[in-house]
Amino acid sequence: GLVNYILKQGGSDYKVAIGYDSRNNSDVFSKAAAEILSSNGIKVYLYDDIHPISLLSYAVRSLGCIAGIVVTASHNPKEYNGYKVYWTDGAQVIPPHDKNIIDEVLKVKPEEVKMGDSSKITIIGKDIEDKYMNDLMGYLVNPDIIKKHHDIKIVYTPIHGSGYKMVPMALRKAGFTNLTTLEGAQPPDGNFPTVESPNPENPEALQIAVNKAKEIGAELVMGTDPDCDRMGCALLTKDGSYMYLTGNQIGSIMAYYLITNKKNIKNPYIVKTIVTTELARAIADANNVKIYDVLTGFKWIADVIERDKEGTYL
């Protein structure tokens, strides 16, 4: 269905990027999707290993793809898997593409599906990783603060997900020198054997990392979900216990940090979704920064970025 929708766009030499995470059979499903695209004459960039979902968005944009696919069920229980479609802006599809793609999917008969030709599949990995990481470092807001606190003790866990390689790499490249990672204790595994659910916003999912932090006296605990687009944190408090932050607290801290550190920017704005704390609005208003309220999902934030060319997205 996606193939047929792409081919109806009226162009030629279409390209699609595909990523996947540590869910059971994610690699199998992504290779099947790649083969179907290739068999229909579409060039495919398929990641060589599990990667954070941001690497798929990046590949779509940097390689000039019309679409992207991620095989993931995000932070949901181990029984699940799913299929997310992205468009040219590197975000999940929004109207009219979402409905139009499903319309094409519903028309497809199984016997019509072309497979068996892998000639248009290109495997990607380290080349895009390196490019992404170099670009990422260009977004560091205040490197002097990192230099000052470079030896803060951090414990990171991928919770059996796709952040196991890229998150430690990013932290170290940014300049943090005292990082303990738990990819050995919680390696990529679609059964998530050490947690009930791989959602880092649940304190239970961070328990092994917090135990390690107590052992070594770490100030910060970080965990990411299977596709690495959701983060949970715990902080060491003065009485020696660990305080878990909510997503709203993490988002508010990040918004305040970005707004107060990025000076002399033309028409700055931030975007929050309707389920996000109104503290974000208070922070923006107090600093004369515009704020948009959108429906739930990164795709709607990306839509604002795509449409507001006059402003500067923080």
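Points worth noting:
- Extreme residue, nearest to Arg230 (Cα to Cα), among residues of the stretch 1-55 that are open to solvent by less than 20 Å² (accessible area, probe 1.4 Å) and assigned to a loop (DSSP other than H, G, I, E, B): Pro52
- Hey, Thr296 in a loop (DSSP other than H, G, I, E, B), outside the structural domain of Val85 (by the TED database) and either open to solvent by less than 50 Å² (accessible area, probe 1.4 Å) or among the acidic types (Asp, Glu) (or both) or not: no
- Meets criteria (more than 16 Å from the chain's Cα centre (by Cα) and surrounded by 20 or more Cβ atoms within 10 Å (Cβ to Cβ)) for Leu235: no
- Entry remark, the stretch 136-168: residues being assigned to a helix (DSSP H, G or I) and either on the phi > 0 side of the Ramachandran plot or among the charged types (D, E, K, R) (or both) number 3 in total.
- Selection from the stretch 104-135 of residues that are part of a helix (DSSP H, G or I) and in contact with a Gly (Cβ under 8 Å, 6 or more places away or on another chain): Glu104, Val105, Leu106, Lys107
- Taken together, the criteria exclude Asn199 from residues that are without any contact (Cβ under 8 Å) to a residue 60 or more places away in the chain, within 18 Å of the chain's Cα centre (by Cα) and outside any strand (DSSP E or B).
- Meets criteria (touching an Asp or Glu at 6+ places or on another chain (Cβ under 8 Å), under 18 Å from Pro52 (Cβ atoms) and outside any strand (DSSP E or B)) for Pro187: no
- Verdict on Gly64 being out of contact with any helix residue (DSSP H, G or I) (no Cβ under 6 Å at 6 or more places or on another chain) and modelled with pLDDT under 95: no
- When we screen Ile259, Ile270 for residues that are part of a helix (DSSP H, G or I) and under 24 Å from the mean Cα position of the chain (by Cα), the only hit is Ile259.
- The requirement of being under 26 Å from Arg23 (Cα atoms), open to solvent by 30 Å² or more (accessible area, probe 1.4 Å) and in contact (Cβ under 8 Å) with a residue 24 or more places away in the chain is not satisfied by Ile265.
- Qualifying residue in the stretch 165-173 (condition: exposed (fewer than 13 other Cβ atoms within 10 Å of the Cβ), under 27 Å from Ala255 (Cβ atoms), at pLDDT 95 or above and of a type in the set (D, E, K, R)): yes
- When residues of the stretch 68-90 are limited to those that are open to solvent by less than 50 Å² (accessible area, probe 1.4 Å) and in contact with a Phe, Trp or Tyr (Cβ under 6 Å, 6 or more places away or on another chain), the one farthest from Leu46 (Cα to Cα): Ala73
- Every condition in (1) surrounded by 14 or more Cβ atoms within 10 Å (Cβ to Cβ); (2) within 29 Å of Gly64 (Cβ to Cβ); (3) β-branched (Val, Ile, Thr) holds for Thr122 except the one numbered (1).
The values are calculated or read from the model by the stated rules, or taken from the named source; none is laboratory data. As the structure is a prediction and not an experimental result, all values here were calculated from the model. Every residue, glycine as well, gets a Cβ built from its backbone with ideal geometry; the counts of neighbours run over all protein chains shown. The accessibility values were calculated without ligands, DNA or RNA, using every heavy atom of the protein model including side chains. Shrake-Rupley method; radii C 1.70, N 1.55, O 1.52, S 1.80 Å.
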